[in-house]
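Laboratory data are not the source of any read-out in this text; all were calculated from the coordinates shown. In this text the structure is predicted, and so the values were computed from the model without any measurement. Cβ coordinates were reconstructed from backbone atoms using ideal geometry, including for glycine residues, and neighbour counts include every protein chain displayed.
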Amino acid sequence: MMAMTPAHRRHESARHRLAAIPPWLRKHDEGSGTMAGVMLIMLAGVLITVAAAAGHLLLCQARARSASDLAALSAAQSYWAGTTDDPCAVAVRVAAYGTASLERCTVDGDDVSVTVSMATKVPVASRVSRSSRAGPVDCVAPP
């Protein structure tokens with residue numbers, strides 16, 4: 001009779017442990033690895049979707065900020081230069097060029113404040129809004 005190596009002993013020990021589990025219980029484990037794999041794939045899909053939605057929201061916020069800045073600057077410049085009496089009409093037009101809509105426009109002296117909103121394709125946050133203010137600044141340093 002041949003002496004048992006440590007590898008043979010481990011194999012025999014595992015076989016005895018498996019034999020100790022009733023056959024009706026061993027059959028219930030079949031396919032559990034497949035289900036765990038499916039769950040991991042679904043989790044990865046959900047995480048990728050959340051990351052893509054967050055990225056899209058950041059992109060829309062940046063676009064709304066740009067449209068808001070441009071609308072405020074255009075409205076303030078046209079008002080300060082005297083080319084229009086209604087700077088909010090200029091802001092509406094400029095915001096529309098950036099596929100945004102003007103929510104609020106106020107004129108305070110030579111300053112124009114605007115709030116612009118933009119639609120997103122994310123179900124939980126259908127719109128993003130950004131505000132900007134523009135007006136002339138004295139270029140003379142204070143004493």
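Describe numerically, in nm with one decimal, the distance between label points set 7 Å from Cα along Cα→Cβ at R127 and at A96.
It works out to 1.7 nm between the two label points.
Determine the sum of side-chain charges near R130: Lys and Arg each +1, Asp and Glu each -1, restricted to other residues whose C-beta is under 15 angstrom from that of R130.
Charge balance near R130 sits at +3.
Find out how many positive minus negative residues lie around G109, taking Lys and Arg as positive, Asp and Glu as negative, among other residues whose Cβ is under 14 Å from that of G109.
Counting the neighbours of G109, the net charge comes to -3.
If I model a spin label as a point 7 Å beyond the Cα along the Cα-Cβ vector, how far apart are those points for Q61 and A89 in nm?
In this crude label model, Q61 to A89 measures out at 3.5 nm.
Ordered by residue, what ³J(HN,Hα) values in Hz, to whole numbers, does segment 74-88 give under the Karplus form 6.51 cos²θ - 1.76 cosθ + 1.60, where θ = phi - 60° and Gly and Pro are x?
5, 5, 5, 5, 5, 6, 5, 6, x, 7, 8, 9, 10, x, 5
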